[in-house]
Amino acid sequence: MTTTELAQVVQRTDAETRNLLARMVERGWVQPRGEGKSRNWHLSAAVYRALDSPSGYVRVRGFEPLQQEQMIQQYVQAHGQITRNQAAELCGLSPDQASRVLRRLVAAGKLAHHGENKGRVYTLPASPAH
């Protein structure tokens, strides 16, 4: 959940909720994922162990950046292209987080982008001429 979503659940302000979350991180109860407004919070591995559900942590934690990049590349290999929203859905990310992963792949030369804004799609880069 995002900080704002959690604030609504606990009926506190965003600032109060951030303070609560900081204390929960110090105690090892929750972990952050992402940055800024797209930051999400989830229970820590220790909490899932205490609840006798260690595999639940992996499902909730999601995929690491390298796995996300590989999933996106495999999708493009299979389907020819991917959009930001498709990448977000595929990897369980916010659209902003998906944009960052896609930009990393473009910067590394693993994907190319075509189009602008909402019409932008990502494909495999053109092969160099021999």
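The values are calculated or read from the model by the stated rules, or taken from the named source; none is laboratory data. Quantities reported herein were computed from a predicted structural model and do not represent experimental measurements. All Cβ positions, even for glycine, are placed from backbone atoms using ideal geometry, and neighbour counts span all protein chains on display.
General remarks:
- Restricting attention to the stretch 111-123, the residues being within 16 Å of residue 74 (Cβ to Cβ) and at pLDDT below 95 number 0.
- Flag if residue 107 is within 28 Å of residue 39 (Cβ to Cβ) and in contact with a helix residue (DSSP H, G or I) (Cβ under 7 Å, 6 or more places away or on another chain): no
- Residue match in the stretch 1-21 (condition: surrounded by fewer than 16 Cβ atoms within 10 Å (Cβ to Cβ), under 21 Å from the mean Cα position of the chain (by Cα) and not in a helix (DSSP H, G or I)): yes
- Restricting attention to the stretch 75-130, the residues that are in contact with a strand residue (DSSP E or B) (Cβ under 6 Å, 6 or more places away or on another chain), assigned to a helix (DSSP H, G or I) and without any contact (Cβ under 8 Å) to a residue 24 or more places away in the chain total 2.
- Cβ-Cβ under 9 Å pairs, at least 6 apart or on other chains, the stretch 25-37 side on the phi > 0 side of the Ramachandran plot and touching a residue at least 12 places away in the same chain (Cβ under 8 Å), far side in a loop (DSSP other than H, G, I, E, B) and surrounded by 14 or more Cβ atoms within 10 Å (Cβ to Cβ): 28/44; 34/93; 34/94
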